[in-house]
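See structure below.
The values are calculated or read from the model by the stated rules, or taken from the named source; none is laboratory data. Owing to the predicted nature of the structure, the values given are computational and were not obtained by experimental measurement. Note that each Cβ is placed from the backbone with ideal geometry, even for glycine, and that neighbours are counted across all protein chains shown.
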Amino acid sequence: MPASFEDQLAIVAELSREVRRMEEGEKRRSRRPPRAGYERELRRAGLAQRVAQAYTIIEGVLAFVARRIDRVPVTGEDWHKKLVSRCARPFDDPKRPALVSAALAADLLELCEFRHVVRNIYPTRLDEPRVRENLERLIRAARAFDAQSREFAATNAPRTKSRRKRKRKKGTLPFFC
């Protein structure tokens, strides 16, 4: 697990790139004739899984805040919803301001519900309009989350050294030589 908020921001940046790729792929798909039968179901199931996985990444960053910044992990049967709600409010004021806005929290709670549906029903029974609606919600949420997490980090995140490996320029020696 990445150990610093800088690492979390790198994960958010990767998520943003992936969501842009999903958005571009769906724009290309919309210009083609729709596929039929099983291919259409596979595409829908794959898209639903990707939306669910992207939400899981956002939830991981929120959980990092709860564990490392708030120092109080969220527990209980409905911890996923509690986590989003907690990050939408200041915690132990003035220790930490809200990480996400109320509007973003509403989108995240909807994505959390959608992930539950994706994980717990057969992929062939997914409703296509609902999958597309949640893709649009994810696109909106990922943009807002990227901006809001960077804003939070600029003023509130603790400064710890990142553990993510940095690429070295070719021909340079490692720092420990």
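Of the numbered conditions (1) surrounded by fewer than 21 Cβ atoms within 10 Å (Cβ to Cβ); (2) outside any loop (DSSP other than H, G, I, E, B); (3) polar (S, T, N, Q), Ser149 fails exactly one; give the number of that condition.
(1)
Test each condition in (1) in contact with a helix residue (DSSP H, G or I) (Cβ under 6 Å, 6 or more places away or on another chain); (2) more than 24 Å from Cys87 (Cβ to Cβ) for Gly25 and report the one that comes out false.
Gly25 satisfies every listed condition except (1).
Given the conditions (1) of a type in the set (A, V, I, L, M); (2) in a helix (DSSP H, G or I); (3) within 16 Å of the chain's Cα centre (by Cα), which single one is not true for Val100?
Answer for Val100: the failing condition is (2).
Which residue out of Arg86, Arg71 is in a helix (DSSP H, G or I) and over 14 Å from the mean Cα position of the chain (by Cα)?
Checking each option against the conditions leaves just Arg86.
Looking at Leu42, Leu47 in this structure, which one is modelled with pLDDT under 95, surrounded by 13 or more Cβ atoms within 10 Å (Cβ to Cβ) and within 21 Å of the chain's Cα centre (by Cα)?
Working: Leu42 fails: within 21 Å of the chain's Cα centre (by Cα).
That would be Leu47, the only listed residue that is modelled with pLDDT under 95, surrounded by 13 or more Cβ atoms within 10 Å (Cβ to Cβ) and within 21 Å of the chain's Cα centre (by Cα).
Looking at Arg130 and the list (1) surrounded by 15 or more Cβ atoms within 10 Å (Cβ to Cβ); (2) modelled with pLDDT under 95; (3) under 14 Å from Ala45 (Cα atoms), which single condition is not satisfied?
Failed condition: (1).
Would you mind finding the one in Ala54, Ala66 that is within 16 Å of the chain's Cα centre (by Cα) and at pLDDT below 90?
Numbers: Ala54 fails: at pLDDT below 90.
Of the residues listed, the single one that is within 16 Å of the chain's Cα centre (by Cα) and at pLDDT below 90 is Ala66.
Is the stretch 64-71 home to any residue that is surrounded by 18 or more Cβ atoms within 10 Å (Cβ to Cβ), out of contact with any strand residue (DSSP E or B) (no Cβ under 8 Å at 6 or more places or on another chain), within 25 Å of Glu110 (Cβ to Cβ) and small (Gly, Ala, Ser)?
Yes, that holds for at least one residue.
Could we say that Asp92 is among the charged types (D, E, K, R) and loosely packed, with under 13 Cβ neighbours inside 10 Å here? If you could, list the steps in order and put the result at the bottom.
Details: among the charged types (D, E, K, R): yes; loosely packed, with under 13 Cβ neighbours inside 10 Å: yes.
The answer is yes for Asp92.
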